[in-house]
Structure formats: structure tokens, C-alpha cells
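Engineer: Encoded as C-alpha cells, here's the structure I'll be asking about.
The values are calculated or read from the model by the stated rules, or taken from the named source; none is laboratory data. Please read all numbers here as calculations on a predicted model, not as lab measurements. Because the Cβ atoms are built from the backbone with ideal geometry, glycine has one as well, and the counts that use them run over all protein chains shown. The area values use the complete protein model at the heavy-atom level, side chains included, leaving out ligands, DNA and RNA. Shrake-Rupley method; radii C 1.70, N 1.55, O 1.52, S 1.80 Å.
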Amino acid sequence: MKEVFLIKHAVGGRAFVDTGKHPIPYTWEQVGDQWIFTVQIEKREDIAELLKWKEELNVFLFQEFEHEPTKKLWFYVGDDSVHYSEEKGELTIVAKSQIVYIPDQFSAQL
């Protein structure tokens, strides 16, 4: 499986992080009823614009399988859920809800 991680501005659709185009280290895990994403972004200038919009972010994971359609996981980021540690060069995002969909099947359900 190949996975692409995206952080986008919910309103404008601008991508701040897209590992499909610019790979960076990240991890994610589900803890109880929330998902925690940890992203390594060392340059402060790369994170400044993202942090300006931290109350309006969506997180996506696109999981690509060899003989199956791509599965998309869309996570909603709540208030006060985005934090950056300059010491660690680490962005942490906590999402409290998600939608999982397969685009081919999703459009057929509309």
C-alpha cells in the first residue's frame, strides 16, 4: 500500500503538506475517539502560513492499493487541535472525526 498525507486549508483548498509531491516524515495513530498526526517540519518559515489557518484545516490520507480503488480518509480538525514545537521541529494535529470513502463508490451514492 502507498499512502499520501495531505494538510489542506478547509476553505481555500490550498495544500500546506502533500507527501505525494514533497515527502516528509509523519506518523498517525488512533487513540480512543481521536486521531493524532505528528509531522516533522523543521523550517519555521514552512510552518508559519499553516499556523495562520490552524482553525480551518482538514487532514487527508489517500491509501492506494494495487488492485483496489484508492481509499480516502478525511479528518476534521477541531479548535485548539494544531500545535507546533520549534524545539522538536514537530507539528501535532488532533482530529476528532473522520469520513472514509472510496471516490468511485461515493459518487455513485449521491
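Engineer: Tell me the Rg and the Dmax, in Å, that the Cα atoms of the chain produce.
Structural biologist: Radius of gyration, then largest Cα-Cα span, for the chain: 14.2, 47 Å.
Engineer: Would you mind computing, in nm to one decimal, how far apart the modelled labels at ALA48 and ASP80 are, each placed 7 Å from Cα along Cα→Cβ?
Structural biologist: 2.7
Engineer: Given the stretch 11-93, what count of lysine pairs have C-alpha atoms under 24 Å apart, with each pair 8 or more places apart or on different chains?
Structural biologist: Summing the qualifying lysine pairs gives 12.
Engineer: Over the stretch 1-80, give the accessible area per residue in Å² for a 1.4 Å probe, as an integer.
Structural biologist: 63
Engineer: Probe 1.4 Å, all protein chains in place: accessible area of THR27 in Å², nearest 10?
Structural biologist: 80
Engineer: Separate question: Select from LYS72, LYS54, LYS21 the residue whose mean-square fluctuation is largest in a Gaussian network model of the chain (Cα-Cα springs shorter than 10 Å).
Structural biologist: Largest GNM mean-square fluctuation: LYS21.
Engineer: Quick check: at a probe of 1.4 Å, how many percent of the accessible area of the chain sits on carbon and sulfur atoms?
Structural biologist: Ligands and nucleic acids excluded, carbon and sulfur give 49 percent.
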